[in-house]
1. Say we look at the range B:173-192 and pick out the residues that are crowded, with 16+ Cβ neighbours inside 10 Å and in contact with a strand residue (DSSP E or B) (Cβ under 9 Å, 6 or more places away or on another chain); which of these is nearest to residue B:71 (Cα to Cα)?
2. Is the range B:574-583 home to any residue that is within 14 Å of another protein chain (Cβ to nearest Cβ), surrounded by 19 or more Cβ atoms within 10 Å (Cβ to Cβ) and over 27 Å from the mean Cα position of the chain (by Cα)?
3. Of all residues in the range A:48-69, which are in a strand (DSSP E or B), surrounded by fewer than 17 Cβ atoms within 10 Å (Cβ to Cβ) and within 14 Å of another protein chain (Cβ to nearest Cβ)?
4. Can we say residue B:540 is in contact with a helix residue (DSSP H, G or I) (Cβ under 9 Å, 6 or more places away or on another chain) and without any contact (Cβ under 8 Å) to a residue 40 or more places away in the chain?
5. Anything in the range B:584-596 that is crowded, with 18+ Cβ neighbours inside 10 Å and modelled with pLDDT under 85? List them, or say none.
6. Starting from residues that are more than 15 Å from residue A:78 (Cβ to Cβ) and away from chain B (no Cβ under 14 Å), keep the ones in the range A:98-112 and report whichever is nearest to the chain's Cα centre (by Cα).
7. Residue B:79 fails exactly one of the following numbered conditions: (1) within 14 Å of chain A (Cβ to nearest Cβ); (2) at pLDDT 90 or above. What is the number of that condition?
8. Could you look through the range A:80-93, keep only residues that are over 18 Å from residue B:540 (Cβ atoms) and touching a helix residue (DSSP H, G or I) at 6+ places or on another chain (Cβ under 7 Å), and pick out the one that is farthest from the other protein chains (Cβ to nearest Cβ)?
């Protein structure tokens, strides 16, 4: 359940600070680049307001705004989210505990105010796509470096930033992506753009970070887009009010807080 | 006209050379470019509002036709072998290029929404195939308690389970069809049978079977016609020459079709039989006249004989070809392109047969010499007697006609329209039996999509009031229409969620009573299930909703009765600002048949009018025009009446026949009246003119009738029911127009005294 773990942390989409002194671009190979992406340190606390927009192929949209809080407790990461809009789901809340121990499943709760009940939900790997979006839990998290074979296939300037282009081929032939191609910003080790190829080797999705910012030395995504080029569906994630300097209290991440709402 | 034709007689070899050269050109075109159209969507008029809406709805809700694989194990499906087959076949289908992975649904891919003591669980029914008895029993219990799959993917008898694989548009081909059948067969074992059914299979089989069957029929039709023609012409050489003319005109027709790049549609496969059967009449009349002339003038040269033949027969041959082609060309009024093209090319083929008969046959005679005929046989006595008897007993014809008309009007009351594809197959064919088998175990193999539309008003379909009305409509449908097996909509999801979130208690198997709860359930489902399932149920802003109604039959009566129940809810939906539309292939088939029939009524009326007007002008007399129309009017009526009595529904094929029958059936009247008019000049009474006409043309008209009746009757030996119906009805039509011409029309002409009024006046 590691993938779900990471998904909710990275829902804040946090990027660690990569020190320039470590950089010796010429000598890095594909695997080392992806390791640097993977190993970026993350801030222990984060709050933000997320606007998630789903756009289907007919151009219809579903927009949700969510207030979310994340805290890293070392062996467990806890995330709590409150829906602000649409009005009919206001105060619906969702909590997720992910354990560092990969053998331990996530704990998930949802509170439905109209039902006045908290329910536990168990999601298996079936829940590939997160909340009807184009992101799978894997896309939101960082997939383990050793799951793929990485190869540096080029360098390119993208959106005015110098990037490595790394091709990562899945070792598990039955994995939903046969390969991904990632544009990693040289200076910050951010995955600026990523292409996903399906089992048949056809291009499936393109992820693009449109905007990111420097928060106390942490590089954090502000606007991100994922387009499924096959079924013409897309998702954009827009983070506002990002705050990493708070110290979130431990009792925020409890069933009682779920029910209390925002 | 005749002069031009007679001029051509001087250069027979040139005429023959040109004919053969053109035939070669058309033949090469046909060989190179002919293409059979098997995609039934191409048959539909895409710009028609119902089709435009359906296409949009199919896009919104990802509505596609599914191929259904049924896995049967008579000992029950809850064993490792059957479940493993289910899993393997599901995975095999997901890998096919023509099928999207996510469009394959089975117990292996389905979401199981379960209520647990403290929450909700959405998971697969199984991922690893259960091995122990305990695991198998658990699975059985899980399925039984989930009404979203029980009775839908697993039969209540627990001996059959389904895999539904939805197809992209236009991917169906003979190869794919064979592949599908081979895949299904490869999973057969001693215990397990795999059946394949579903609309794409039915449509695909139909698109391949109908033309294949027609192809088999052509040589038989040819043989029968050669036999009948030989009886009429008594010369094998003449018989083969007449056949050659119709074969050449068929080649020209298909060559032209290939040349302008029009594909061969299923309906166009009727063309060869149509052209061959109608086309031989021209040669038959020409040779019959020639034979009579040579008998009367044994010393005539070939130029004299052929010139006389052309002088006497070219006008009636041209008129009959024009009226026949009007019958075909009236199909141009149809909104359906394959029907339009069929009419156009059949019209072209008929005119080609006529022109070739008038230039090719004379050219051959000029090049190779006159046929020899045995001395005349005296048969005119018989013709005289029959004619006198018909006219003497005119009340038999008149009363008979009135009785038939009354009876047939009663018959037409029973006539019904059927757009079913399945009803076109033999009742004991594999495809029908499999369909029956699956319908006996599940909701139904035919899907009708009901699209509810709030015209852009957001969140309409989150309102409990609206959802409850939908739920009520679904129950009414399932209760009132026996052929409705199940229906599926957002309401089913919500009832399931509501029940599950209340510890699986049955009293919560209802629509939640406030909108917030609906919205929160849906959000919960999106977070824990496969939200793509909702795409088929409702659009993004909850302003449009899709109800899938499963029917156990695809015939029009069934679809219409379901539509009627839905329409009875229309006022209630209207009060809530919701309009009703339909979509999907079952509905499109229904609209399509209506379109064909609509067009048919117009083309029939148009055809009869044009023929009557044309003949009024040709014979310079409107009364003659009207009288000539009597046999064909009766013919059309009898055709529909008999179909009513015999429970043969109107469908795309049978509906086409009425105007075709008018176009061919009028020929008997044309030949009769043409001769009658010329004999009227030299006769003293209408009876005498009629007797002379019968003596001269009676035999050729009768043989013409025998040719068309037997030619089409051959189709009764077809293995394809619609071709049999076609053969039966058109033969019947030919028979009734023939009988009508020689009875009621003869009586009416005699009664009307048209060509003798002036003579009578002079006498008095």
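1. B:192
2. The first filter runs over the range B:574-583 and keeps only residues within 14 Å of another protein chain (Cβ to nearest Cβ), leaving none.
No - not one qualifying residue is present in the range B:574-583.
3. Across the range A:48-69, the qualifying residues are A:53, A:61, A:63.
4. Numbers: in contact with a helix residue (DSSP H, G or I) (Cβ under 9 Å, 6 or more places away or on another chain): no; without any contact (Cβ under 8 Å) to a residue 40 or more places away in the chain: yes.
Against the criterion (in contact with a helix residue (DSSP H, G or I) (Cβ under 9 Å, 6 or more places away or on another chain) and without any contact (Cβ under 8 Å) to a residue 40 or more places away in the chain), residue B:540 does not qualify.
5. B:585, B:586, B:589, B:592, B:593, B:595, B:596 - these are the residues of the range B:584-596 that are crowded, with 18+ Cβ neighbours inside 10 Å and modelled with pLDDT under 85.
6. For the range A:98-112, the residue satisfying everything is A:102.
7. (1)
8. A:80
The values are calculated or read from the model by the stated rules, or taken from the named source; none is laboratory data. If you're wondering where the values come from, they're calculated on a predicted model, not measured in any experiment. Please note: Cβ atoms are built from the backbone with ideal geometry, for glycine as well, and neighbour counts cover all protein chains shown.
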